[in-house]
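First comes the structure, then the notes that go with it.
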Amino acid sequence: MSAALIGAAFLLSYIGLSAPAHAQSTYPSQPIRFIVTNPAGGLPDTVARIYGRHLEQRLGQPIIIENRGGGNGTIGINSMLSYPPDGYAFVVTDGAVYSVNPLIQANISYKESDIKPAGLLAISPLFLAAHPKVGVKTLPELIAYAREHQGQLNYGSSGVGSAHHLSMVAFLTALKLNMTHVPFKGTGESVPALLGGHVDLLFSAYPSLSGAAEAKQVNLLATASGTRSSLEPNLPSISEVIPDYDYKAIIGLFSHAQTPQAVLDKIATEIAAIAKDPDVVQRLKVVGAEAAGYDGKGHLVELQKERKRYEPLLDTVGLKLSAR
């Protein structure tokens, strides 16, 4: 082989090997898509937009918010997996897509190994709300009414296996109450159903309920976190009635499992910085959430904790698959 051919072959080899590294070093070079598994207006959507706005400023590329609700997050996950694993498409959602769905969906369209926790954005307590027609304004009143009217109340959620659903399962199981579950595609659907009196109760994040509570369209009864919320300090924590009761929504970023680690490291670095920004901390506080800013490993730890907490509840209501 001539010297010229050897040189050309070497150059092509070098270009081929260095292209991925070069692409990662210039990341991002195009808009990034945040696929939110809930309709607009819910907590994941709010968190995605708060982080997205700051991420745009730091990375110099647009963050496109795309709402793809349904299937307890599976529709959004499938949408993300349809894109190349290059770090230009992420899912923003709660932990159910990783900690719950694989346990309850026999024909789930993705495997845990297909996706990867890429960063924990925010942690938020859920609030228990009732429609005024139920006639209860406090947690003790609800418990007493539900005991006297077993099976006559219903409650909405963001889907089977969602944090909103399992928080209620834990509540009902501990107090030996019976209510009918009415699942929706997200709080963008379940909260309007509560406001319209189509469901009696539900758990949801503060931004979805605060305006309605001020307008007397719903009655806030309690918070699902282990302590009272600074947003509504006069509301009891359910843990005051049920010891160790502590359920929160963890909102995080998920990527395609094959996304280059260098890209994920860059995103994690940016998320950690954004979570410390006073503007972000305040905006999240207003909607009842706490900035997290964990990297993928920290996100995974929280998901594992969530699965450990939810798994017994899935057995209780017969949702858990006998074999995974």
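Each value in this text was obtained by applying a stated rule to the coordinates, not by laboratory testing. Predicted model, so just to flag it, every value in this text is computed and none were measured. Reconstructed Cβ throughout: ideal geometry from the backbone, glycine too, with neighbour counts over all protein chains shown.
Okay, here's what the table says:
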| item | result |
| --- | --- |
| ILE238 in contact (Cβ under 8 Å) with a residue 24 or more places away in the chain and within 22 Å of GLN282 (Cβ to Cβ) | no |
| Selection count where residues are under 28 Å from the mean Cα position of the chain (by Cα) and either crowded, with 17+ Cβ neighbours inside 10 Å or in a loop (DSSP other than H, G, I, E, B) (or both), scope region 144-156 | 3 |
